[in-house]
Amino acid sequence: MTTSTWNIDASHSSIHFIARHMIITKVRGAFKAFAGTIALDEADMTKSSVQVDIEAGSIDTAEPKRDGHLKSADFFDVEKYPSLSFKSKSIQKSGNNYEVVGDLTIHGVTKEVTLHSLFEGRGKDPWGGERVAFAAKTSVNREDFGLTWNQVLEAGGVLVSSKIEIELEIQAVLAKA
């Protein structure tokens, strides 16, 4: 089988992140604007690839004041670095799962990360299109990407965790030839 191109359907996909606040609780957020493509070889998924571009300014934690701080030079500095991106370099099968290794660029810094991924399935939609779905997870140290702002707490610890968990639910539509 040949490789086919699939466009990520942002309205049926999500890119979420989780950070600890004051070490004691998790705060969740998402990026609302993103686009990407998957070059899919269904006969051998290890020959597939993916690339995604995310608008840094689309960050949403359901708290406008916090979102403003995350967009500022203390964190994402969206004026200087308007986008984040991921581009796969290799895919390995691991049981029923896949390890998608690629370059993640945040705040102008590129680091290799591994997305622990699962192929969720394929099907026809009511409009005659073909769809595929994937779920993926990883974690990164935000400080590795130059996102070092923090505040030491009086009782010990810091305001924002260094470790950030990332969770993706991706649905893509087969591109029309």
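Derivation of every value follows stated rules applied to the coordinates shown; laboratory data play no part. Everything quoted here is computed from the prediction, not taken from an experiment. Ideal geometry is used to build each Cβ from the backbone, glycine not excepted, and the neighbour counts take in all protein chains shown.
When you look at ASP103, is it among the charged types (D, E, K, R) and over 12 Å from the mean Cα position of the chain (by Cα), yes or no?
no
Looking only at the stretch 77-107, which residues are outside any strand (DSSP E or B) and acidic (Asp, Glu)?
Correct list: ASP77, GLU79.
Hey, any hits in the stretch 61-76 for a residue that's among the acidic types (Asp, Glu) and under 26 Å from ASP9 (Cβ atoms)?
Yes: one or more hits.
Which one of these is closer than 27 Å to VAL173 by Cβ, among the β-branched types (Val, Ile, Thr) and in a strand (DSSP E or B): THR110, THR138?
Checking each option against the conditions leaves just THR138.
Go through the stretch 1-55 and tell me which strands (runs of 3 or more DSSP E), entirely inside it, have 3 or more residues that are within 18 Å of the chain's Cα centre (by Cα) and free of Cβ contacts under 8 Å to residues at least 60 places away in the same chain.
25-31, 34-40, 49-55
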